[in-house]
Structure formats: structure tokens, C-alpha cells
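The values are calculated or read from the model by the stated rules, or taken from the named source; none is laboratory data. As the structure is a prediction and not an experimental result, all values here were calculated from the model. Note: ideal-geometry Cβ built from the backbone for every residue, glycine included; neighbour counts use all protein chains shown.
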Amino acid sequence: MPAMFRLRFVFDGEVMIDREVRAVEARISDPSPAWPAVVQAFRTIVRRAFDTEGRSTPAPWPQLAPRTQRQRQLLGYGAAHPILRRSGELFGSITGGGGGFVESTKDRLAIGTADPVFWFHQSRLPRRRIPRRAMVNFTPDDRTELSRPVLNFVMGRDPNAARRPAAS
């Protein structure tokens, strides 16, 4: 028989909540059915970082240097924007458009890219000229969005379940 957890709230003799949560242990040991929803949340968060040029992250991206803007114009791109989206390869590699990877097992999920431009900008190593522009830099709300599918699955809910609206 699967492990069972019982949640019971009694107030002034009245049972307010009485729930049995069955098979939590089995779901905790293999949360992989939640991985597609985690990948989707990750890609949405990273797309938002690109779309806002890092303003949706804890560290907005520095603007391009005047020299870089002149170079971009000579190459036929917009001078100042969009940052980090000159060819689209970097964006695609980390948001599911090709060139990236998703690897998973029953207890591990890895999402990434081998693109050296990503690793340069993501790195915290000291730099002289080109500033850091981290595409994967999560806010507390982002962390919640990434963990929600796993928590929903473990509790027996659909990993894709929508978040309840906040009480007003």
C-alpha cells in the first residue's frame, strides 16, 4: 500500500479540513512528469529577460557602448537594441529555438546551451570591456514559477495548473 499523509484541521470541535494525500512519496521520488512544465516556465522567464534586456531580472543589462552601437549600424543591425539578439542564435539556443539542450532523468533536469556567448555573459569572472549581461538571473517570483510545476505534481495536481489569483 502506498504511503499516505493525512492533513486534518479541527477547530472548536468541527472538522474544517480532512484530506488524505496518497502516493506523495512515489511522486517525490520521480517528479519527471513535471519537467515539461518546468522547461516551459524556464523558457518563458529567459524570453522575458531578453525582451526586457534584463530589466525583468535582478540585474538589468548595461546599455551597449557607443563603439558597439556604431559597429552594429555598420553591419545593418539596430544601433542600440535589441541587446544580445543580433543573429537570434543565442536567443534560440536558450529558449528552445534550436542549438540548446534539455536533458532529464527521473530526478534531474538540465536546460542549457553550449553557445560561448551565453557562457561569457552568464559568467561572473572579472572582465575589462564587455559587461556581464546574465540571461539566467532569477527573481523570487521566477523561482516560485520554476518550482510550482514540481510542487503541484508532488501534491497530486496537474503540473500545468494555473496559479490561483491573489485575494484582493
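So, Pro66, is that one surrounded by 13 or more Cβ atoms within 10 Å (Cβ to Cβ) and either under 22 Å from Phe138 (Cα atoms) or out of contact with any Asp or Glu (no Cβ under 7 Å at 6 or more places or on another chain) (or both) or not? In short, no. Filtering the range 9-23 to residues that are at pLDDT 75 or above and closer than 26 Å to Ser147 by Cβ leaves Phe9, Ile17. Of the helices (runs of 4 or more DSSP H) lying entirely inside the range 46-122, the ones with 2 or more residues being within 25 Å of Pro33 (Cβ to Cβ) and either at pLDDT 90 or above or touching a Lys or Arg at 6+ places or on another chain (Cβ under 9 Å) (or both) are found at 89-95.
Assess whether Gly92 counts as being at positive phi and of a type outside the set (Lys, Arg). So Gly92 fails the test. When Ala110, Ala114 are screened for being loosely packed, with under 14 Cβ neighbours inside 10 Å, over 28 Å from Tyr77 (Cβ atoms) and of a type in the set (A, V, I, L, M), only Ala110 passes.
Taking the range 32-49 as the range and being of a type in the set (A, V, I, L, M) and under 12 Å from Val102 (Cα atoms) as the test, the residues that pass are Val38, Val39.
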